[in-house]
Structure formats: structure tokens, C-alpha cells
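Values in this text are rule-based calculations from the coordinates and carry no lab data. Only a predicted model underlies this, so the values are computations on that prediction, with no experimental measurement involved. Cβ: placed from backbone, ideal geometry, glycine included. Neighbour counts: every protein chain shown.
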Amino acid sequence: MTDTPGLRALIEQATSPILLPGAPNALTARVIEQAGFGAVYVSGAGVTNTYLGMPDLGLMSVTELVGHVAAMAESVSIPLVVDADTGFGNALNVQRTVRQLERAGASAIQLEDQVSPKKCGHFAGKDVVSMQEMVGKVKAAVDARLDEDLLIIARTDALSTEGLDAACERAAAYSEAGADILFIEAPTTTEQMAHIVRTVPGIHMANMVEGGLTPLTSRDELGELGFSIALYANAAMRGAVAGMRQVMDHLRTHGDTKDAADLMISWSDRQSLVRKPEFDELDRRYAADLPVQGVIA
């Protein structure tokens, strides 16, 4: 591992919105780090899709999430922004969730104000808890963290249920409660996006979901609107699935992969990605000495 800037420093030093790609597992986090990104987002939807093969409907447990975060933290040196859904319960559960994720290696933890079980922010049929309940959760998260550099991201899904002004009111309340980053999910127009940043002071994150409700907006445009973070939560996973389908189509059609090398990373690239040379060196360093012959203890 090498020393890298923390998430707070990345945001403060950036002259344009930081690009935050999502990863569902440690291997994808390695790819994102190798590509030169400064942070990675642990996507709740991505983990649920890849680990459980299920949709983003609040089906993952906190234990499963913590295990994935720990594996990613051990695999990369860049900050991990962790999607903790609703915090897995009430304010007391939120405190335990924050402590577990901080110990596992999170640099930021995102909490949302949906009722449990939650749904993907771009699905229909969402509902939210009261603003007062979510304020309590944000305060609990802030009190639970041991490191002040652990950032708390407060997400609201109230725009689709209560309207834009109510969503902005919630975001302002969550900021007052101590949230470091604000995330109003699923605005449907650039006018709404501009209104959010203009109305609520703070650091704002925009979620760019291909096929979702929010218009895909360039990094420069997001910067002009006033956003500090551009989230691409599942672009890497969706690209990987497209690649897997190509290879499987080739195998089914041809009966082998002899001519499919251009569809896959090479053997050596794969071993480099998972740091096999580093583990080989560790294996040599810690190899046991040969036993002394003829000596009986």
C-alpha cells in the first residue's frame, strides 16, 4: 500500500468534481485503482447484484457488507466510500453499522432516509422516514465515528415522494445535524440539479445512473452546476457483465476460447492485477528453513 490523499483532501483540492466509480468487490476495486481514480464507491446495489444475484431491494445484511468492505480495504490504498443503505435499522443500529464499517476500512459512509427495506433510488415505489428520524440517524452516525476524517454522507430520496423543496429542506437539516456530504437522489432535470446546489449550501454528490431518472451530465457541466462528486456507482460492473457475455457467446458458438484472447485480459495481466508477484515475494521471505538432519529434540 502507498500513502494516498484522504477523501476530504481529494474534494478540497479538486478543481472539478471528483469521479467516483463504484465497485461490487475487491477485484473491481483493484481495476478502479489501477485506472488512476482517487477513490472507490462500495455500491450496495453492486454487492447485492454480484454476491447475491438479487436486485437492490435492501436484501443484503450489514455483516455481508462489512466483509466486502474489509476485503476491498485490504486490496486497495484509495479511500472507500461505503453505501450503507438505511444503516440497517434505527439510530442505535446506525451507530453499530458506522463503527463496524469504520473498523473495516471505510473512509466515508452513506446513509439514506428511505424506509426499510429500501429500494434502488431509481426504482418506483420508494418511501421515506420522517425528517426527524433521519436527523437522529445522522447525529448517531457522527457521534459513532472515531476518526473525524470519516465522512458521513446523507442521502434523501424525498424528491420523488415529497417534492423538490421538501428534499432540499431535508438535505439542509441533515447538514445541520453534521452530515459532511449531501446527496439528493434522482433529480429528473438539470434545472432541479441547479436548484439543489443553489438552495442548500454544502458539498453535493450527483449520481449518474445510465438508464436512470437523472440526466447524464458531463463532469464539466456538473462542476458548473456546483457539484463536487460525480458518482458512477455501477458502470464498472455493467461493463464487466457485457464483457462476460461476449466471452460466453464466443465459447458457446465456437466450443473453445482459442480465438477469444482479445476479449479477455491476459494471464500475466490477471496475475498482476491480484498482486501475485507481491505474494510470491512474501512467500519467499517467510519460507521455513529446511530442518536440520539427524537432530532429535
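By DSSP, what percent of the beta bridges with both residues in the chain are antiparallel, rounded to the nearest 5? Don't jump to the answer; show the numbers that get you there.
Numbers: 1 of 27 bridges.
Of all bridge pairs located within the chain, approximately 5 percent are antiparallel.
Compute, for the range 129-227, the length of the dipole vector about the Cα centre, with Cβ point charges of +1 (Lys, Arg) and -1 (Asp, Glu) only. Units Debye, rounded to 20.
Numbers: 7 positive and 17 negative charges, 27 e Å.
For the range 129-227, the charge dipole is close to 140 debye.
Going by C-beta contacts inside 10 Å, put S43, S16, S268, S75 in order with the fewest on the left. Numbers along the way, then the final one.
On the way: S43 28, S16 13, S268 10, S75 20.
Ordered by Cβ neighbours within 10 Å, fewest first: S268, S16, S75, S43.
Once you mark the trypsin sites (Lys or Arg not before Pro) that are in a DSSP loop and have at most 15 other Cβ atoms within 10 Å, what is the longest gap between them in the chain? Could the numbers behind the result be given before it?
Values: sites that count: K258, R275.
The reported range is 1-257.
With springs only between Cα atoms under 10 Å apart, run a GNM on the chain and tell me which of A140, A35, A235 wobbles the most.
Among A140, A35, A235, the largest GNM mean-square fluctuation belongs to A35.
What number, rounded to the nearest 500 deg cm²/dmol, is the helix-based mean residue ellipticity at 222 nm of the chain, given -39500 (n - 2.57) per DSSP H run of at least four residues and division by all its residues? Walk me through the intermediate numbers first.
Details: 13 runs with 133 residues, N = 297.
When only DSSP H runs of four or more count, the value is -13000 deg cm²/dmol.
Who wins for biggest fluctuation among G212, G36, G44 in a Gaussian network model of the chain, springs between alpha carbons below 10 Å?
Its mean-square fluctuation being the largest, the pick is G36.
What number comes out for the charge environment of R275, summing +1 per Lys or Arg and -1 per Asp or Glu over other residues with Cβ under 14 Å away?
Details: positive: R30, R270, K276; negative: E33, E74, D269, E278, D280, E281, D283.
Local charge sum for R275: -4.
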